[in-house]
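Working notes, structure below.
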Amino acid sequence: MCMVIFAPLFAIFAFATCGGYSGGLRLSVDCVNKTESNLSIDIAFAYPFRLHQVTFEVPTCEGKERQKLALIGDSSSSAEFFVTVAVFAFLYSLAATVVYIFFQNKYRENNRGPLIDFIVTVVFSFLWLVGSSAWAKGLSDVKVATDPKEVLLLMSACKQPSNKCMAVHSPVMSSLNTSVVFGFLNFILWAGNIWFVFKETGWHSSGQRYLSDPMEKHSSSYNQGSYNQESYGSRGGYSQQANLGQSSDEFGQQPTGPTSFTNQI
């Protein structure tokens, strides 16, 4: 039940906080010649974080020339993989919810449903682990590449002590941090559900039967052994009584010949 309720919600939070992100930073370059200054340089970036394609122009503080720069890095592969896993996990969890509620008999027929569900759950657990780890590393690279201090180092005007370069506004990464948290929460949720899905498969019941069969065989063999001992003891007692009767008869039997001299006369 927890899987049915939380899996779609956690998947939505994961791909919404990552795939719907857009942010930016603002820099200020104050040249010695104030007419060449630019106190509001806006740099915007968004999902899928192909930062090397984000370009902007800054003053060189050497006349009216402008320097065209671009951010460093490309985290699109890890971000897109993370969002793709989240979307497919959301769709599968919705489909599984419909099957659990409306097609329970079909789900358990021939044990195919539980087996397929078990395999898919294992696969998604692995994908969530890989995707969340890769996106956590990608987010770290995005934070470094969009750090205003790092961006200011790219500007030639900021290398001259006479010019003043400042960071006016830094990017807000709270939603991206949330996406990483929900990524690992999804991994914990799907990995924990493996055991419950495994119990629905025939592998779990067959393992229990395998453990119970040797116990039954051991108890039956023990009962047979005790029965044989009892029957053997009863047969032995009967034979001993028969032999004892025979010996007593033989002992009490008298000779058929003459017993006294008087009877012979």
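Here are the numbers for this structure:
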quantity: Above-threshold pairs, the threshold being 32 Å between Cα atoms, out of LYS137/LYS199; LYS34/LYS137; LYS143/LYS164; LYS137/LYS159; calculated: LYS137/LYS199; LYS34/LYS137
quantity: Region 30-140: projected area of the alpha-carbon convex hull, averaged over directions, in nm²; calculated: 9.7
quantity: Size of electric dipole in region 1-148: Cβ of Lys, Arg +1 and of Asp, Glu -1, about Cα centre, debye, nearest 20; calculated: 440
quantity: Inverse of mean 1/r across different Cα pairs in region 1-72, Kirkwood, Å; calculated: 15.1
quantity: q = 0.09, 0.13, 0.15 Å⁻¹: log10 I(q)/I(0) that the Debye formula gives for region 2-199, counting C-alpha atoms only; calculated: -0.47, -0.73, -0.86
quantity: Separation in nanometres of the label points that stand 7 Å from Cα toward Cβ, at ASN177 and ALA191; calculated: 2.3
quantity: Percent carbon-and-sulfur accessible area, region 2-199, ignoring ligands, DNA and RNA, probe 1.4 Å; calculated: 65
quantity: Cα centroid separation, region 84-132 to region 1-60 (Å); calculated: 34
quantity: Whole-number percent relative contact order across region 2-199, with pairs defined as alpha carbons under 8 Å at least 6 apart; calculated: 33
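The values are calculated or read from the model by the stated rules, or taken from the named source; none is laboratory data. Every value quoted in this text rests on a predicted model; they were computed, and no experiment measured them. Here Cβ is always computed from backbone atoms with ideal geometry, including for glycine, and neighbour counts include all displayed protein chains. These area figures cover heavy atoms from the full protein model, side chains too; ligands, DNA and RNA do not enter into them. Shrake-Rupley method; radii C 1.70, N 1.55, O 1.52, S 1.80 Å.
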